[in-house]
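**Student:** Below is one structure. I have some questions about it.
The values are calculated or read from the model by the stated rules, or taken from the named source; none is laboratory data. Given the structure is predicted, the values throughout are model-derived calculations rather than measurements. Heads up, the Cβs are rebuilt from the backbone with ideal geometry, glycines too, and the neighbour counts pull from every protein chain shown.
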């Protein structure tokens, strides 16, 4: 009798579903994986649900409500390994822009009956609430990296996910630096690779989709951007996108904001 296949669960919190779609985009690879792993809970793909516990849980989305905070603790308790996927799950996502503003003001502006809406003042990463075994960055995640994580899990080895900056990817592509040669504001030097340097390849600055690289020198990049004439407000806005609540990016944006107020 064949041993039971390990069980995989995919969970959604506050997000756009883009990272779950990246799983579905694996197509042929996903069919091959289905022979090695039981996809036990993945509502984006199937209404068939197998009860836990689960050997591997992939979690998309950030924590934005009291219900989210309670549910992620339940997911953690039912999961042997928990991997967060995407900018929302690893850094609060684009919705973490609420962290710099008054969420009550937003709630009053959007909803006819704001008293019916239960929400938190912040959007936070999953690791702010429960222990996480691995974070997979990106907005959305790189499907090849996602496949590497699941394959590594099945092979009982550590996944090989790069942590260098986007600049390394630009060099491998033979891409002329848009920051040095073109004076274009670019977060490539402080952003983790994973996208294939798509934006610089089209002569645009990196937007920081994959969050901070392993040792981001945001101070040095700030000096370079300042020398190029990029205002403090624009430098702040560079960091306040997909990964605004990632600690390194948040600190850089707050420093730029403080500079703008003092100037």
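**Student:** Among what's in region 223-257 and is free of Cβ contacts under 8 Å to residues at least 60 places away in the same chain and not in a helix (DSSP H, G or I), pick the residue that is nearest to residue 100 (Cα to Cα).
**Tutor:** Taking the candidates together, the pick is 231.
**Student:** Related question: Of 173, 157, which residue is loosely packed, with under 14 Cβ neighbours inside 10 Å and more than 30 Å from residue 33 (Cα to Cα)?
**Tutor:** Just one listed residue meets the conditions, 173.
**Student:** Go through 102, 55, 115, 51 for me and flag whichever is under 30 Å from residue 157 (Cα atoms), modelled with pLDDT under 95 and over 19 Å from the mean Cα position of the chain (by Cα).
**Tutor:** 51
**Student:** Looking at region 15-52 only, could you name the residues that are within 22 Å of residue 76 (Cβ to Cβ) and touching a helix residue (DSSP H, G or I) at 6+ places or on another chain (Cβ under 6 Å)?
**Tutor:** 15, 44
**Student:** Mind checking which residues of region 53-64 are surrounded by 21 or more Cβ atoms within 10 Å (Cβ to Cβ) and out of contact with any helix residue (DSSP H, G or I) (no Cβ under 8 Å at 6 or more places or on another chain)?
**Tutor:** 54, the sole residue that qualifies.
**Student:** To continue, here is another question. Return the residues of region 201-222 that are closer than 20 Å to residue 91 by Cα and part of a loop (DSSP other than H, G, I, E, B); say none if nothing qualifies.
**Tutor:** 206, 207, 208, 209, 210, 211, 213, 214, 215, 216, 217, listed by residue number.
**Student:** I need a count of the residues in region 105-140 that are in contact with a helix residue (DSSP H, G or I) (Cβ under 8 Å, 6 or more places away or on another chain), over 22 Å from residue 74 (Cβ atoms) and not in a loop (DSSP other than H, G, I, E, B).
**Tutor:** Adding up the residues that qualify gives 5.
**Student:** Are any of the residues in region 176-198 assigned to a helix (DSSP H, G or I), out of contact with any helix residue (DSSP H, G or I) (no Cβ under 8 Å at 6 or more places or on another chain) and not assigned by TED's automatic domain parsing to the domain that holds residue 33?
**Tutor:** So far as region 176-198 goes, yes, one or more of its residues are assigned to a helix (DSSP H, G or I), out of contact with any helix residue (DSSP H, G or I) (no Cβ under 8 Å at 6 or more places or on another chain) and not assigned by TED's automatic domain parsing to the domain that holds residue 33.
**Student:** Could you figure out which of (1) farther than 20 Å from residue 30 by Cα; (2) at pLDDT 95 or above isn't true of residue 136?
**Tutor:** So the condition that residue 136 fails would be (1).
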